[in-house]
Amino acid sequence: MRTNSQLSSKVVRGLSKILGQEFVTFWLEQAGSTHSTDRCLAQVVRIDRETADAVSLWLRPNALFAGFEAGQHVNLSVTIDGVVHTRSYSFSNAPTEGGLLRLTIKQTPTGLVSRYAVNQLEVGTVVELGDAFGEMTLAVTQPNLQPNLTEQRPTMLLLAAGSGITPMISLIEQLEARGWPADVTLMSWARNPEDVLFDSTLKAKTNEHFRYVRLLESSANVAEGDLAGRPSAEQFAAVAGSLDNTDVYACGPDGFMTALRGILGDTPKSFHAESFTPMALNVDENAEVKTFTVTLSKSNRIVEVSNNKPLLKALQEQGINPPHGCGMGICNTCSCEKLTGTTQNMQNKSVCGTNNTALRLCINAAQGPVSLDL
């Protein structure tokens, strides 16, 4: 039996052949429909206020959404004042039979999309989603580096700071749905109690296989069971003991992640991490600033860019806005083919002079004349 979604998709495809895809797409968007022949659209069906500056968006995607794994994230595109903006957010729920998706977004002072989501976005709004991505999952793709949830009861330590809690909630819901096949401890850092996302939910989930520890920056706000201060070896020793046989999952700002790596080193059995702020780009302040030409083959344009800026930023400054997402070199949304030329990765300083290769615009800078398939 065909579902209504399948029938509607067939109708949309038929109308697109008769009337033209652009015409049909335009009127579907005007009607607030999520039906599309080539775009994964989703409707906001519910908005939960989590804290004063954070909301959870519940989304119902159309049939083109390919699904996700707990711990992954997705590019969300919204239209603000007629301009489409794309940002990457973690799923904050585990996959469900109902197919609803939850993205929890915390407002940042300079975050255009996060401020819009928290203060202006309304139920009924249609947004666009990319494919899910990210490797901080429970999938056993590397048996020696991830917990085996089918043959043993592993020990897992989840570490989160601020909105880094969102993928942890996704993982926790997945583990709960499987009947807690691991002994799990979550350590969640925040500045104040009112900033803690999903606090009451996590407290309610506590059981013999799941422990929740809240850590606050200010000791003045510490309640019974809380710890105070930023990550330290003493905290890990008090909460988790030895980590030799522990699988660690961590998410937070880049500074938080750097601190964790310095404290934990190679001690954990495995370490799975993602930062939700871009890794710092290495700019040599003493290096000579040079200008090179970038040829955009598809749009038949030639522009000049400097060697000390990522190509994405350099192109945007000249009114050229290629598809992009996370801005961290993770999601590959900004990736395009470099036809010719030499570029340098501004995170690890590696240089690539190979032609006809994929290039992530957000983290690579021109080191000579470059030709792009844009």
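Some points to look at:
- Within region 44-69, tally of residues that are outside any strand (DSSP E or B) and touching a strand residue (DSSP E or B) at 6+ places or on another chain (Cβ under 7 Å): 4
- For region 179-186, the criterion of being within 24 Å of D48 (Cβ to Cβ) and surrounded by fewer than 18 Cβ atoms within 10 Å (Cβ to Cβ) is met by none of the residues.
- Q347 touching a Leu at 6+ places or on another chain (Cβ under 8 Å) and either within 30 Å of S90 (Cβ to Cβ) or outside any strand (DSSP E or B) (or both): yes
- Number of the condition not met by K313 [criteria: (1) of a type outside the set (D, E); (2) open to solvent by 70 Å² or more (accessible area, probe 1.4 Å); (3) in a strand (DSSP E or B); (4) closer than 30 Å to E135 by Cα]: (3)
- So N355, is it part of a loop (DSSP other than H, G, I, E, B), over 28 Å from the mean Cα position of the chain (by Cα) and not small (G, A, S): yes
- Pairs, first hydrophobic (A, V, I, L, M, F, W, C) in region 149-171, second assigned to a helix (DSSP H, G or I), C-beta under 7 Å, six or more apart: L158/M168; L158/L171; L159/L260; A160/M168; A161/F256
- Candidates in region 39-67 are the residues that are open to solvent by 30 Å² or more (accessible area, probe 1.4 Å), among the hydrophobic types (A, V, I, L, M, F, W, C) and at pLDDT 95 or above; of these, the one that is farthest from D199 (Cα to Cα) is V45.
- In the condition set (1) under 30 Å from Q235 (Cβ atoms); (2) open to solvent by 20 Å² or more (accessible area, probe 1.4 Å); (3) of a type in the set (V, I, T), I105 is compliant with all but (2).
- Residues of region 232-265 that turn out to be of a type outside the set (S, T, Y), within 12 Å of A161 (Cβ to Cβ) and open to solvent by 30 Å² or more (accessible area, probe 1.4 Å), as a count: 4
- Within the set H73, H85, the sole residue that is within 18 Å of the chain's Cα centre (by Cα) and surrounded by fewer than 18 Cβ atoms within 10 Å (Cβ to Cβ) turns out to be H85.
- Yes/no for T96 being in contact with a helix residue (DSSP H, G or I) (Cβ under 7 Å, 6 or more places away or on another chain), open to solvent by 40 Å² or more (accessible area, probe 1.4 Å), in a loop (DSSP other than H, G, I, E, B) and farther than 16 Å from T125 by Cα: no
- Contacts under 9 angstrom Cβ, first residue in region 328-348 being farther than 21 Å from M136 by Cα and at pLDDT 80 or above, partner open to solvent by 20 Å² or more (accessible area, probe 1.4 Å) and of a type in the set (F, W, Y), 6 or more apart: G341/F292
- Taking region 48-100 as the range and being basic (K, R) and more than 20 Å from G325 (Cβ to Cβ) as the test, the residues that pass are R49, R60.
- Yes/no for E285 being exposed (fewer than 12 other Cβ atoms within 10 Å of the Cβ) and either modelled with pLDDT under 90 or under 23 Å from A190 (Cβ atoms) (or both): yes
- Here A228 passes the criteria (1) over 24 Å from E50 (Cβ atoms); (2) surrounded by 12 or more Cβ atoms within 10 Å (Cβ to Cβ); (3) without any contact (Cβ under 8 Å) to a residue 60 or more places away in the chain except the one numbered (1).
- Checking the stated criteria, N321 turns out to be in contact with a Leu (Cβ under 9 Å, 6 or more places away or on another chain), at pLDDT below 90, under 22 Å from F133 (Cβ atoms) and open to solvent by 60 Å² or more (accessible area, probe 1.4 Å).
- Listed by first and then second residue, the pairs with beta-carbon distance under 6 Å, at least 6 apart or on different chains, first residue in region 248-269 and under 23 Å from F91 (Cα atoms) and at pLDDT 90 or above, second part of a helix (DSSP H, G or I) and not small (G, A, S), are A250/L260; C251/P167.
- Residue that is at pLDDT 95 or above, under 17 Å from the mean Cα position of the chain (by Cα) and not charged (D, E, K, R), where the choices are T104, T137: T104
- Among (1) crowded, with 20+ Cβ neighbours inside 10 Å; (2) at pLDDT 80 or above, the one test that P147 misses: (2)
- Subset of region 293-319 [closer than 17 Å to C362 by Cα and touching a Pro at 6+ places or on another chain (Cβ under 7 Å)]: L312, L315
The values are calculated or read from the model by the stated rules, or taken from the named source; none is laboratory data. If you're wondering where the values come from, they're calculated on a predicted model, not measured in any experiment. When we count neighbours, we look across all protein chains shown, and the Cβ atoms used for this are built from the backbone with ideal geometry, even at glycine. We work out accessible area using only protein heavy atoms, side chains counted, and drop any ligands, DNA or RNA first. Shrake-Rupley method; radii C 1.70, N 1.55, O 1.52, S 1.80 Å.
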